[in-house]
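Colleague: Have a look at this one before I ask anything.
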Amino acid sequence: MYKIAVLPGDGIGPEIVPEAVKVLEVVARRTGIEFKFTEALVGGAAIDACGRALPPETLELCRQSDAVLLGAVGGPKWDALPPEERPETAALLPLRKELGLYANLRPAYLFEPLAEASPLKREIVSGTDLIIIRELTGGLYFGPKKREKTEGDEMAYDTMFYTRAEIERIVRLAFQIARSRRRHLTSVDKANVLTSSRLWRDTVESLKGEFPDVTVEHMYVDNCAMQLVRRPTQFDVIVTENTFGDILSDQASVLTGSIGMLPSASIGGSTALYEPVHGSAPDIAGQQKANPLATILSAAMMLKYSFKMDREAAAVEDAVGRVLAKGYRTADIYVPGTKLVGTAEMGTLVRRELQEG
Ligand code: NAD
């Protein structure tokens, strides 16, 4: 039995998360493995109910669970709050920190029926299947920083700070994930300029002997940004530090069509967190227009990475692929000639394919 904390959050969260939960219920019936779902408040919904974006009981539930499924947090209602009290900062950052989640995994996989939704030409994106592994708790965002007035001027600095141990744990994870895929690892840095990147590169070199079956290449971040749009199919697993990963993963996300298709996982501690890449989409909330596939694919990542149910994860992904191949689309991926469906209907279609598959 696996315990899953379910945090729908705000905006479209309460519409998309139940669709993913119901997909996991089908998986439970197919396999006989029991999932125990417990729902809790997070984000603006939690601020409204009890004044805190991450209530202690929600955090405790997450700690006690085997995995967390999150929708999204935030929205205009809470935008006027001071930055440190807003749902995004007051819920997501402490949740990641408390769960010790140091690695963010973002796959960019092109479902072929959606090739026309990509801003790039079909011949460039066709076959794209990569994953970006971003370090999440170190680097520029967390290193020493300061801003102060000086004589007639003002100064500020951030520090890209890494220890070898921090680099080792994420690079090791990336090697392991590469092993479960096509065994090709691209480590992205700026070692021609940055000292922290040289430590990063040395660390990758020192670990590669442990993974002789994985091919490793080093790539400068500027080149990687270019290669991602020139020939994304050359990549399998990309591992990189926090800031580079933040930028590259957003860039990679548009390759494969809508943000409504993109899942993510944050892993590292004993409980991992699975959530769609997108936010709470207040502009379409409550209208059954949201695409639930990013959340359903996040649940598939949960099956793979937290429960080692690779076959079931693949079955969910295949079910999504078949629904798209049959021409069903939510509004964000709709093109003339396809069949427009709402959030719940898309979820039902995926479950039907999964049951039949
Ligand atoms: P967003 O991702 O919520 O929306 C951007 C655009 O994409 C909108 O037009 C929206 O309608 C569309 N979109 C997003 N998800 C979709 C889906 N599943 N199906 C169809 N269309 C979808 O980003 P935003 O508008 O910049 O932010 C809205 C709120 O969400 C803000 O409060 C922001 O801070 C928050 N946010 C939260 C997270 C998170 O919880 N992890 C991430 C990003 C933004």
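The values are calculated or read from the model by the stated rules, or taken from the named source; none is laboratory data. Fair warning: this is a prediction, and the values are worked out from it, not measured in the lab. A quick note on method: Cβ atoms are made from the backbone with ideal geometry, for glycine too, and the neighbour counts reach across all protein chains shown. The protein model used for the area step is the full one, side chains on, heavy atoms only, and it has no ligands, DNA or RNA in it. Shrake-Rupley method; radii C 1.70, N 1.55, O 1.52, S 1.80 Å.
Colleague: Could you pull out the residue among LEU324, LEU273 that is touching a residue at least 40 places away in the same chain (Cβ under 8 Å), over 19 Å from VAL17 (Cα atoms) and in contact with a helix residue (DSSP H, G or I) (Cβ under 8 Å, 6 or more places away or on another chain)?
Modeller: Only one candidate passes the filter, namely LEU324.
Colleague: Checking ALA165 against (1) farther than 30 Å from GLU116 by Cα; (2) small (Gly, Ala, Ser); (3) touching a His at 6+ places or on another chain (Cβ under 9 Å), only one condition comes out false. Which one?
Modeller: Among (1) farther than 30 Å from GLU116 by Cα; (2) small (Gly, Ala, Ser); (3) touching a His at 6+ places or on another chain (Cβ under 9 Å), the lone unmet condition for ALA165 is (3).
Colleague: Now, a different point. I need every pair where a residue in segment 238-259 that is closer than 14 Å to ILE170 by Cα and of a type outside the set (Val, Ile, Thr) has its Cβ under 6 Å from the Cβ of a residue that is open to solvent by less than 20 Å² (accessible area, probe 1.4 Å) and in a helix (DSSP H, G or I), sequence separation at least 6 or different chains.
Modeller: Taking only residues 6 or more apart or on different chains, the pairs are GLU241/GLY139; ASN242/GLY139.
Colleague: Based on what the data block shows, is THR137 assigned to a helix (DSSP H, G or I) and hydroxyl-bearing (Ser, Thr, Tyr)?
Modeller: Spelling it out, it is not the case that THR137 is assigned to a helix (DSSP H, G or I) and hydroxyl-bearing (Ser, Thr, Tyr).
Colleague: Now, a different point. So which residues in segment 317-337 are surrounded by 15 or more Cβ atoms within 10 Å (Cβ to Cβ), of a type in the set (Val, Ile, Thr) and not in a helix (DSSP H, G or I), if there are any at all?
Modeller: Within segment 317-337, just THR330 meets the criteria.
Colleague: Is segment 322-330 home to any residue that is among the aliphatic types (A, V, I, L, M) and within 16 Å of the ligand (Cβ to nearest atom)?
Modeller: Yes, some residue in segment 322-330 is among the aliphatic types (A, V, I, L, M) and within 16 Å of the ligand (Cβ to nearest atom).
Colleague: Which condition does THR243 not pass, out of (1) open to solvent by 10 Å² or more (accessible area, probe 1.4 Å); (2) under 20 Å from the mean Cα position of the chain (by Cα); (3) over 17 Å from LEU136 (Cα atoms), if it passes all the others?
Modeller: (3)
Colleague: Yes or no: segment 300-307 includes at least one residue that is within 18 Å of VAL42 (Cβ to Cβ) and more than 11 Å from the ligand (Cβ to nearest atom).
Modeller: For segment 300-307, residues within 18 Å of VAL42 (Cβ to Cβ) and more than 11 Å from the ligand (Cβ to nearest atom): present.
Residue-by-condition table, conditions (1) crowded, with 21+ Cβ neighbours inside 10 Å; (2) at pLDDT below 95; (3) within 12 Å of the ligand (Cβ to nearest atom):
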residue	(1), (2), (3)
VAL68	yes, no, no
GLY71	yes, no, yes
THR89	no, yes, yes
LEU92	yes, yes, yes
PRO107	yes, no, no
GLU116	no, yes, no
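Colleague: Another question about this same structure. So if I check each of GLU60, GLU15, GLU39, which one is within 16 Å of the ligand (Cβ to nearest atom) and either in contact with a strand residue (DSSP E or B) (Cβ under 7 Å, 6 or more places away or on another chain) or open to solvent by 10 Å² or more (accessible area, probe 1.4 Å) (or both)?
Modeller: That would be GLU15, the only listed residue that is within 16 Å of the ligand (Cβ to nearest atom) and either in contact with a strand residue (DSSP E or B) (Cβ under 7 Å, 6 or more places away or on another chain) or open to solvent by 10 Å² or more (accessible area, probe 1.4 Å) (or both).
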